[in-house]
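Student: For reference, the structure I am asking about is given below.
The values are calculated or read from the model by the stated rules, or taken from the named source; none is laboratory data. Given the structure is predicted, the values throughout are model-derived calculations rather than measurements. Here the Cβ is made from the backbone with ideal geometry for all residues, glycine too, and neighbour counts use every protein chain on show. For accessibility, only protein heavy atoms count, side chains too; no ligands or nucleic acids. Shrake-Rupley method; radii C 1.70, N 1.55, O 1.52, S 1.80 Å.
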Amino acid sequence: MRVYNTLTKKKEEFVPLEEGKVRMYVCGPTVYNFIHIGNARPMIVFDTARRYMEYKGYEVNYVSNFTDVDDKIIKKAMEEGVTAQEISKRYIGECQKDMAMMNVKPATTHPLATQEIAGMLEMIQELIEKGYAYAVNGTVYFRTRKFATYGKLSHKNLDDLRGGERVLLVSGEDEKEDPLDFVLWKPKKEGEPFWESPWSQGRPGWHIECSVMSRKYLGEQIDIHAGGEDLVFPHHENEIAQSEACNGKEFARYWLHNAFLNIDNRKMSKSLGNFFTVREISEKYDLQVLRFFMLSAHYRSPLNFSAALMESSRNGLERLVTTAGNLKYLGEQGAPGAMTPQEQEQFEEAQVYVKKFEEAMDDDFNTADAIAAMFEMAKYLNTHVSAGNTKEYVEKCLKRLVDLGDILGLILLKEEELLDEEVEKLIAERQAARKAKDFARADQIRGQLLEQGIVLEDTREGVKWKRAQQS
Ligand code: AMP
Ligand code: ZN
């Protein structure tokens, strides 16, 4: 398997630090609103990378954080007159519902920045002791120039960066030793959430959060660190500086970055009025269509969102779903007994599409070509499976197609409807989660049930549920 590494600007053979295991960190969203479809791109493409590595037999420890303390969250809280925590909790729940609808698997761990402050204080202290950081007036800065390889990820040299000095100096940050220094800890402003620290009552800088959460849940060295390309500089560059200065080891081996999603060939922005949340899209389309759309391009190519492209994604996905549905029907009618020699030969022959799929995915997760291989397989199956084939042959063909869909997170065969007792079981699990204050899990179950058309209602007599289509 080869992956493109932003650090070396080359495709490299993927060799994990520990055989058979992958430690992967993906920077997650800042939770101050519903996530937008741009945020959905890294979620979908790196979930797909994870699924493919799992298919190849790797045990993937996948960590993705929620940034739950930030200026934007505080601003929103002030606007609504509620706490920042209330805002972040609400939008983490909403984000998890969107993830479930996009069939993005929950991470092994979803750490929250606000729950990891102690680790951040510790790492900042370590950096100060090693001479990589200093405190002035309650703010702690990273001493950028002391980290000799600063700029290696974004391929910027310090001279380029120095060009920005004047701008930085006028912005009133001259308490820094050097304009290139960045914040590790900042004092609170009136009304902001804060934590005690040796330097001031305040909160961490954004970059230190990821260095700390990555070290805690994955160790000092990890295999893959990923996120959108806007994070290369300064966020990931600064993460490298902090982690490597502190731990004295290479931080991440492979740095993967997805390109941006634009809308009608323009940058998505609220002021241009071309901004969509995932939730808005879910009102018009099954989010499987959004997932198919995201995977129809390579993750490093810019992707343009438009109604026309969503329509063609809907049609593309429909073709695969129809093939799977037909195979299911033919399988139910299939002849008993073992595969015939001719069926065996055909089954063997169609293996070529699995190979094509794997070759595409082995080449830096080329999902566009992997989908093309699935279409070729579907075409082959449409002409090589018919009434009169054995049940065994048809079912094997179907399983092969559905399994490839699964790697991409595309559901080609909808699961059978949940039975009443399964619904009851999930509701009981949700109640238990709520009791244990695991609201994330509780919301996730609600989302999962919603996906199946099951609506929950909290009443005085307890939780009632109904199937949406019956109302
Ligand atoms: P943020 O909440 O802004 O920190 O973003 C969360 C993730 O979404 C990061 O990995 C960003 O790089 C990514 N992201 C934000 N906007 C877009 C976009 N328009 N296209 C692709 N990825 C994006
Ligand atoms: Zn990060």
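Student: Might you check whether a residue that is touching a residue at least 40 places away in the same chain (Cβ under 8 Å), open to solvent by 20 Å² or more (accessible area, probe 1.4 Å) and of a type in the set (K, R) occurs anywhere in segment 27-43?
Tutor: The answer is no, given that none of the residues of segment 27-43 is touching a residue at least 40 places away in the same chain (Cβ under 8 Å), open to solvent by 20 Å² or more (accessible area, probe 1.4 Å) and of a type in the set (K, R).
Student: Where residues in segment 205-216 are closer than 27 Å to E190 by Cα and in contact with a Phe, Trp or Tyr (Cβ under 8 Å, 6 or more places away or on another chain), which of them is surrounded by the most Cβ atoms within 10 Å (Cβ to Cβ)?
Tutor: In this case the residue turns out to be I208.
Student: Further, regarding this structure: Of A373, A324, which residue is out of contact with any Cys (no Cβ under 6 Å at 6 or more places or on another chain), open to solvent by less than 30 Å² (accessible area, probe 1.4 Å) and free of Cβ contacts under 8 Å to residues at least 60 places away in the same chain? Working first, answer last.
Tutor: Details: A324 fails: free of Cβ contacts under 8 Å to residues at least 60 places away in the same chain.
Result of the check over A373, A324: A373.
Student: Confirm whether A432 is under 28 Å from the mean Cα position of the chain (by Cα) and assigned to a helix (DSSP H, G or I).
Tutor: Values: under 28 Å from the mean Cα position of the chain (by Cα): yes; assigned to a helix (DSSP H, G or I): yes.
The answer is yes for A432.
Student: Can you pull out every residue in segment 46-70 that is outside any loop (DSSP other than H, G, I, E, B), more than 16 Å from ligand 2 (Cβ to nearest atom) and open to solvent by 10 Å² or more (accessible area, probe 1.4 Å)?
Tutor: First pass over segment 46-70, keeping only residues outside any loop (DSSP other than H, G, I, E, B): 46-55, 59-64, 66-67.
Filter once more, keeping what is more than 16 Å from ligand 2 (Cβ to nearest atom): 47-55, 59-61.
Within segment 46-70, R50, R51, E54, Y55, E59, V60, N61 meet the criteria.
Student: Confirm whether V104 is under 29 Å from L410 (Cα atoms), open to solvent by less than 30 Å² (accessible area, probe 1.4 Å) and not in a loop (DSSP other than H, G, I, E, B). If you could, list the steps in order and put the result at the bottom.
Tutor: Working: under 29 Å from L410 (Cα atoms): yes; open to solvent by less than 30 Å² (accessible area, probe 1.4 Å): yes; not in a loop (DSSP other than H, G, I, E, B): no.
For V104, the condition - under 29 Å from L410 (Cα atoms), open to solvent by less than 30 Å² (accessible area, probe 1.4 Å) and not in a loop (DSSP other than H, G, I, E, B) - is not met.
Student: Next question, about the same structure. Counting only residues that are closer than 17 Å to F260 by Cβ and touching an Asp or Glu at 6+ places or on another chain (Cβ under 8 Å), how many does segment 278-290 have?
Tutor: 1
Student: On to the next question. Pick out the one residue from G228, G202, G219 that is within 13 Å of ligand 2 (Cβ to nearest atom) and surrounded by fewer than 24 Cβ atoms within 10 Å (Cβ to Cβ). Spell out how you get there, then give the answer.
Tutor: Numbers: G202 fails: within 13 Å of ligand 2 (Cβ to nearest atom); G219 fails: within 13 Å of ligand 2 (Cβ to nearest atom).
Checking each option against the conditions leaves just G228.
Student: Something else: So, in segment 5-22, exactly how many residues are in contact (Cβ under 8 Å) with a residue 60 or more places away in the chain, more than 14 Å from ligand 1 (Cβ to nearest atom) and open to solvent by less than 60 Å² (accessible area, probe 1.4 Å)?
Tutor: 6
Student: Filter segment 423-471 down to residues that are in contact with a Phe, Trp or Tyr (Cβ under 9 Å, 6 or more places away or on another chain) and of a type outside the set (A, V, I, L, M, F, W, C) and give me whichever is surrounded by the fewest Cβ atoms within 10 Å (Cβ to Cβ).
Tutor: E457
Student: Can you pull out the residues in segment 236-274 that are in a strand (DSSP E or B) and either open to solvent by less than 20 Å² (accessible area, probe 1.4 Å) or within 15 Å of ligand 2 (Cβ to nearest atom) (or both)? Working first, answer last.
Tutor: Going through segment 236-274, the residues in a strand (DSSP E or B) turn out to be 252-258, 261-263, 266-267.
Of everything in segment 236-274, those that are in a strand (DSSP E or B) and either open to solvent by less than 20 Å² (accessible area, probe 1.4 Å) or within 15 Å of ligand 2 (Cβ to nearest atom) (or both) turn out to be A252, Y254, W255, L256, H257, N258, L261, I263.
Student: If only one of L381, L418, L401, L412 is crowded, with 19+ Cβ neighbours inside 10 Å and assigned to a loop (DSSP other than H, G, I, E, B), which one is it?
Tutor: Working: L381 fails: assigned to a loop (DSSP other than H, G, I, E, B); L418 fails: crowded, with 19+ Cβ neighbours inside 10 Å; L401 fails: assigned to a loop (DSSP other than H, G, I, E, B).
Testing whether each residue is crowded, with 19+ Cβ neighbours inside 10 Å and assigned to a loop (DSSP other than H, G, I, E, B) leaves just L412.
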